[in-house]
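Since the structure comes first, as structure tokens, the remarks are kept for the end.
The values are calculated or read from the model by the stated rules, or taken from the named source; none is laboratory data. None of these values were measured; they are calculated from a predicted model. Cβ placement follows ideal geometry from the backbone for every residue including glycine, while neighbour counts extend to all protein chains displayed.
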Amino acid sequence: MDRNSVKNSIKIFLMLIPSLTILLSVYLYPFILAILISVVDSSGRLTLEHYSYVFTVYAQDVVFTIAVCALSALVSLLISISIASYIRLSLDEGFRKILNWIFRFPLFIPMVVVAQMMRTFLAPHGFLNTLLAQIGFIELQEAPNLFDWRGLLIGFVWKQTPFMALIILSGFAMVSDVHIDAARVLGAGRLYIVRRILLPMARGSIAIAFALTFASNIGTFTLPYMIIGGAKPTTMTVIMAHRVTYFGDWSIANALGVISYAVVGLFSIAYLREAVRAGVYERERV
Amino acid sequence: MGSVLLRTRSGILMIVAIAVIAAVIIGIALQQFAPTTPGKVRLVYATAGDINMLALIQNVIAPEFTKRYPNVEIASIHTGPGEPGSRIIFEKLKAARDAGKECWDVDVAVVHQIFMSWALKEGLLLNYSTSIPTWKYVVSEDAYNALGTYIKGFGIPLFHSQIAIAYNTKYVQNPPRSYDELVKWVEANPKKFGHNGIRGGMSGVGFVVGWVYWKTGMYDTLARGPYNEALKDAITKALEELKVFNEKVVITAGNVGTLDMLAREEIWMGPVWVDMFMTWLAEGRMPPHIKLTLLAPGLPGQPMYLVIPAKACNVEWAKKLIEFISSPETQAKVIVEKYNWYPGIDPNVVLPHVSEEAKARLFSIPPEDLQRYGKSFPVSQYFTDILKLYEKVVG
């Protein structure tokens, strides 16, 4: 029996080796390296100068990145909850099917294509403003330039909402029909069901969707690079690319990288711990 | 019993799966080192730059060259736009050198100016260019001096590219002829001039550099050295004034962002790369009533260089390929007519082969203006200073 269990553990270990190797070499090693590079100066001594440079020159951009990414994730969250709720609760089979199919569309469009679309859509004389001018809403000569935080917000929301809706929908699908039907029988309206049954019971999925979207927004390079370009403030990813491109400066690029890890990490830990735990326990109790 | 069987079966399946994956990986790895058919030469050509740089080798140069020398096969690698593209080539060569390889797997590389100082400092390049026949056509200062580094022998300019100001003749009848006049024009027409700052591509960087040349009046020192840290104050002052100027302009989203906004007439003026602008014009993406001009005291331009790594595997064939690319015929038909660049070699030997139509395009900026107002980029330390100070002062 002992022999068997030893054999078994060896087998398990062997099976784990490939994934473990990949995990260590592709994730953990670069992660530690990034932290190291960001705190070492050119002669190899420990230093915080790279961080102090970031906070004197790029503080505005760091705050901008976090704010825009969080706001975009929040707007995506609201829209995706309404889409998911509608699909979960609607009794109109036909329309539900159409919506269920249509909302996934942006999932298959890469971020760089979204960025290019937004560039023509949101430009001062682009599709949106031309349309608004035709209806007489605005004067084309004074059309607003949306290539700032607003352009980023629209791009992120357009791209990320379906992804969020998909996760939230699967959370809603796990809520048994029994609860919903019971509420309906007792006269609860759609909004009430969403607020009191779906949202609390799918809290875990919602939290995960929000955290993943926020993290992926923070890591996006193409959209801010193509929408904001050289203007100020811009996102941390654009500055990282700039430091590496023009100065071969991995120290400040990595300092910015570590800051984004920290923001995403702290945020996810705090948020998920609270929300997922509560969600799981509540579901078990039900 | 059944479960044991199942377990062994899944165990076997697992082993088979791992074996298949391993075989695929080894196969791919081996292919990298596979010897080509005997007698066939595989020439590896790495290029930095925009996607047109890949098209240049893949669609035009390689087929022509292979037609002449059927035993040569050209494998092209594209490392990406701007200086990061050149940096990738630099790091690849450095890695090959550090690994102690006898033969590095790049034969010809096309790189930016800044690459030359990196690569020469590390001894990564072959001193070849004076030994090929087309060297006699190489006349430009660029072939000797790249951002302050003396490079004679290590590279031949593939082409020269220039930054100029594009303006919409519908709204701008008398374009400014100097930075001074531009500032006045912007005062009168706020938010109708656009450039992309320094994080969105080199046309914006060039505009900023030209501004610093103008405000400091120290072009010769900035472009030729020697480096003097004390100039930082003058540069800072120039950039402070640029910050004020920027409040009345649009900061666009990159080189293409400026072209886009010009084409949609959202801005009426902005700095562009001449070759990109001409290509857009030829493709009908830029309205024909948008024209080019240069500003006094000048706007920078830059060449890209053809180089051979110090331990290229096929030096003789690499030289033959570079000779072909830098011949007056190829320069005329490909570099000037097809891609709208200025030739990398002496224009006097190239122009007789160029069509009248292409000549007209090429001279939309008169040659005298180009001679007078076409400047170099600053030497690398000043260049870095300008970019870093821009972020501190302007944002």
Mind listing whichever residues of the stretch B:111-150 are touching a strand residue (DSSP E or B) at 6+ places or on another chain (Cβ under 9 Å), farther than 20 Å from residue B:321 by Cβ and hydroxyl-bearing (Ser, Thr, Tyr)? B:117, B:140, B:144
Which condition number does residue B:230 fail, the rest of (1) farther than 23 Å from residue A:229 by Cβ; (2) at pLDDT 95 or above; (3) among the hydrophobic types (A, V, I, L, M, F, W, C) being met? (2)
Among A:125, A:50, which is farther than 30 Å from residue A:167 by Cβ and touching a residue at least 24 places away in the same chain (Cβ under 8 Å)? A:50
Enumerate the pairs (first residue in the stretch A:213-242 and within 16 Å of residue A:262 (Cα to Cα); second residue anywhere and not in a helix (DSSP H, G or I)) with beta-carbon separation below 6 Å, excluding pairs fewer than 6 apart on the same chain, so at least 6 apart or on different chains. A:237/A:221
Enumerated helices (runs of 4 or more DSSP H) restricted to the stretch B:51-106, each holding at least 3 residues that are surrounded by 19 or more Cβ atoms within 10 Å (Cβ to Cβ): B:82-98
Could you say whether any residue in the stretch B:255-267 is more than 14 Å from every other protein chain (Cβ to nearest Cβ) and touching a residue at least 60 places away in the same chain (Cβ under 8 Å)? no
Which residues, taken from the stretch B:59-111, are more than 22 Å from the chain's Cα centre (by Cα) and small (Gly, Ala, Ser)? B:95, B:96, B:99, B:100
In the stretch A:72-116, anything surrounded by fewer than 20 Cβ atoms within 10 Å (Cβ to Cβ), hydroxyl-bearing (Ser, Thr, Tyr) and in a helix (DSSP H, G or I) is listed as A:82, A:86
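Residues of the stretch A:117-144 being exposed (fewer than 15 other Cβ atoms within 10 Å of the Cβ) and either within 14 Å of chain B (Cβ to nearest Cβ) or not β-branched (Val, Ile, Thr) (or both), which ones?
Answer for the stretch A:117-144, where residues must be exposed (fewer than 15 other Cβ atoms within 10 Å of the Cβ) and either within 14 Å of chain B (Cβ to nearest Cβ) or not β-branched (Val, Ile, Thr) (or both): A:120, A:127, A:131, A:134, A:136, A:137, A:139, A:140, A:141, A:142, A:144.
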Only one of (1) within 14 Å of chain B (Cβ to nearest Cβ); (2) within 23 Å of residue A:209 (Cα to Cα) is not met by residue A:56, so which one is it? (2)
Where in the stretch A:179-239 are there helices (runs of 4 or more DSSP H), lying fully within it, with 1 or more residues that are away from chain B (no Cβ under 14 Å)? A:190-193, A:203-218
Criterion first (in contact (Cβ under 8 Å) with a residue 12 or more places away in the chain, out of contact with any strand residue (DSSP E or B) (no Cβ under 8 Å at 6 or more places or on another chain) and surrounded by fewer than 20 Cβ atoms within 10 Å (Cβ to Cβ)) does residue B:153 satisfy it? yes
Inside the stretch B:237-253, can you point out the residues that are surrounded by 15 or more Cβ atoms within 10 Å (Cβ to Cβ), over 22 Å from residue A:226 (Cα atoms) and within 14 Å of chain A (Cβ to nearest Cβ)? B:239, B:242
From the set of residues in the stretch B:115-150 that are without any contact (Cβ under 8 Å) to a residue 60 or more places away in the chain and more than 16 Å from residue B:346 (Cα to Cα), which is surrounded by the fewest Cβ atoms within 10 Å (Cβ to Cβ)? B:121
Applying the selection to the stretch A:145-171, what residues are assigned to a loop (DSSP other than H, G, I, E, B) and within 11 Å of chain B (Cβ to nearest Cβ)? A:145, A:147, A:148
State whether one or more residues within the stretch A:153-172 are modelled with pLDDT under 90 and more than 30 Å from residue B:254 (Cα to Cα). no
Do we have residue A:92 as among the charged types (D, E, K, R) and in contact (Cβ under 8 Å) with a residue 12 or more places away in the chain here? no
